[in-house]
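Below: the structure, in structure tokens.
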Amino acid sequence: MITPIEIQNKVFKSGGLGYDKKDVDSFMQQILENYEELYREKMEMNDRINVLNEGLQYYKSIEKTLQKALVLAQRTADATEVNAKENARLIEKEAATKASIILEDAKRELEHIRRQTVELVRQYDMYKAKFKSLAAAQTELLDSESFSVDLDKLSMFAPMPDSVETPAGAYAGMEEEKPAENPLDSLEDEEIEIINLDE
């Protein structure tokens, strides 16, 4: 592009039939002034364009950085979500396994308690029957002749004379009474079962 100085220093050759020098100089002066203004505006525009281009490049670099950061953040969020879902699945699976183990332990404990209860009720019924039998035997024993007391038959409680002589053979023929048998003695050790309630 021609600069204003080049226009200003331009010299035309004069010919015999050439243009009027004053008209040409006057027109060239107008062109110079207008061109100087256009040239200055163009230079200012170029400067502004350079500044704007630099700013645009700066913002483009920021945009790229932000895009990279967004992509990285999205990847991190996706990875975090996947990890969270996997951890939740593992926790849920572990909780289900623990719940199943606890439930099985509770079922076993319940069955153990049920068996103990059944055994205790069975033993209770057995002991109750034995004690009923024992009580009946004791009642029968108390009603027997062995426990019958008749004062009339006891000559030793008859009034005694002041001096007592025991005739010879007074106790002859009297048998020594045997003590009554205790029904508990007839129970075998095997018939009595001891239960450990801690089992």
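Site pair ILE31 and SER144 shows an inter-label distance of 16.3 nm when each label is modelled 7 Å from Cα along Cα→Cβ. Dimensions of the stretch 1-152 from C-alpha coordinates, computed as largest minus smallest value along each principal axis and given longest first, are 198, 26, 15 Å. Mind giving me the FRET efficiency for ILE102 and LYS68? R0 is 45 Å, r the Cβ-Cβ distance, nearest 0.05 is fine. That gives a FRET efficiency of 0.35.
Quick check: residue separation of GLU92 and MET43 times 0.36 nm, minus the Cα distance between them. What number comes out in nm?
10.5 nm
In this structure THR65 has an accessible area near 90 Å², from a 1.4 Å probe over the protein heavy atoms. Ordered from highest to lowest accessible area with the whole protein assembly present and a 1.4 Å probe, MET43, MET126 read as MET43, MET126. Here the spin labels are modelled as points 7 Å beyond Cα on the Cα-Cβ line, and at GLN8 and ARG114 they lie 11.7 nm apart. Partner lysines whose Cα lies under 29 Å from the Cα of LYS10, excluding those fewer than 8 positions away in the same chain, are identified as LYS21, LYS22, LYS42. Convex hull volume of the Cα atoms of the stretch 43-83, normalised per residue: 27 Å³.
Averaged per residue, the stretch 45-107 has 91 square angstrom of accessible surface, using a 1.4 angstrom probe with ligands and nucleic acids left out. Where does the Debye-calculated log10 I(q)/I(0) of the stretch 1-90 sit at q = 0.13, 0.19, 0.21, 0.22 Å⁻¹, using only Cα point scatterers of equal weight, no solvent? For the stretch 1-90, the Cα-only Debye profile gives -0.71, -0.94, -1.01, -1.05. Taking all protein chains as shown and a probe of 1.4 angstrom, ASP20 keeps an accessible surface of around 90 Å².
Converting phi to 3J(HN,Hα) with the Karplus coefficients 6.51, -1.76 and 1.60 and the offset θ = phi - 60°, the stretch 34-47 yields 5, 5, 4, 5, 5, 5, 4, 4, 5, 5, 5, 5, 4, 4 Hz in sequence order, with x at every glycine or proline. Estimated at the nearest 10 Å², the accessible area of ILE49 is 80 Å² with a 1.4 Å probe.
The values are calculated or read from the model by the stated rules, or taken from the named source; none is laboratory data. Every value quoted in this text rests on a predicted model; they were computed, and no experiment measured them. Virtual Cβ from ideal backbone geometry, glycine too; neighbours counted across all protein chains shown. Surface areas here come from the heavy atoms of the whole protein model, side chains and all, with no ligands, DNA or RNA. Shrake-Rupley method; radii C 1.70, N 1.55, O 1.52, S 1.80 Å.
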